[in-house]
Amino acid sequence: MNKILFLCTGNYYRSRFAENLFNWLATKQGLDWQADSRGLALERGVNNVGAISRYAAEALAVRLVNLPDDERFPLPASEPDFQSATRVIALDEFEHRPLMNERFPHWADEIEYWLVHDIDKTSASVALGQIEKNLLQLIEQLAQS
């Protein structure tokens with residue numbers, strides 16, 4: 001099983017949406033890939049309530065992606081996460097490359113970066129729509145390889 005790791009700042013909103021939607025899409029396509037997600041700076045999410053952002057949960061529900069009742073809480077990225085992943089994608093290069101350079105400098109140039117801003121710069125519908133578009137392209141790419 002190939003593993004893809006999605007990174008965002010708090011592992012609460014963008015990366016959790018990407019993880020859950022990717023796993024649903026990959027299963028539907030019969031791909032040998034599974035996603036996980038982690039946060040690069042969980043301490044910045046002091047106002048996050050619950051296990052996952054309501055924006056992510058609502059957007060997943062609209063897409064008929066069910067979350068488990070015991071959905072896990074955000075987790076911080078660690079060295080073993082990078083080592084065990086086949087691919088790593090950070091969801092906002094402007095926000096996450098500096099965090100990678102600071103906290104995981106030897107991985108900073110080894111991972112992929114998308115450009116999906118957080119809720120303070122982009123509405124949830126636009127950001128999650130962009131993640132979905134990127135995921136559909138990624139699934140298509142993986143299916144062809």
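The values are calculated or read from the model by the stated rules, or taken from the named source; none is laboratory data. Here the structure is a predicted model, which means the values were calculated and not measured. Ideal geometry is used to build each Cβ from the backbone, glycine not excepted, and the neighbour counts take in all protein chains shown.
Residue-wise test of (1) out of contact with any Cys (no Cβ under 6 Å at 6 or more places or on another chain); (2) in contact (Cβ under 8 Å) with a residue 24 or more places away in the chain; (3) surrounded by 15 or more Cβ atoms within 10 Å (Cβ to Cβ).
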position: S37; (1), (2), (3): yes, yes, yes
position: L40; (1), (2), (3): yes, yes, yes
position: N48; (1), (2), (3): yes, yes, yes
position: R54; (1), (2), (3): yes, no, no
position: A57; (1), (2), (3): yes, no, yes
position: N66; (1), (2), (3): yes, no, no
position: P74; (1), (2), (3): yes, yes, yes
position: E79; (1), (2), (3): yes, yes, no
position: S84; (1), (2), (3): yes, yes, no
Next item on the list: Report, by residue number, each residue of the stretch 5-22 that is outside any helix (DSSP H, G or I) and crowded, with 24+ Cβ neighbours inside 10 Å.
Entry: F6, L7, C8, N11, Y12, Y13
Check: Which one is farthest from D32 (Cα to Cα) among residues in the stretch 88-145 that are among the acidic types (D, E) and modelled with pLDDT under 95?
Finding: D120
Check: Would you pick out the residues in the stretch 104-124 that are free of Cβ contacts under 8 Å to residues at least 24 places away in the same chain, among the small types (G, A, S) and closer than 27 Å to R54 by Cβ?
Finding: S123
Next item on the list: Scan the stretch 87-97 and give yes if some residue there is farther than 18 Å from F17 by Cβ and within 16 Å of the chain's Cα centre (by Cα), otherwise no.
Entry: yes
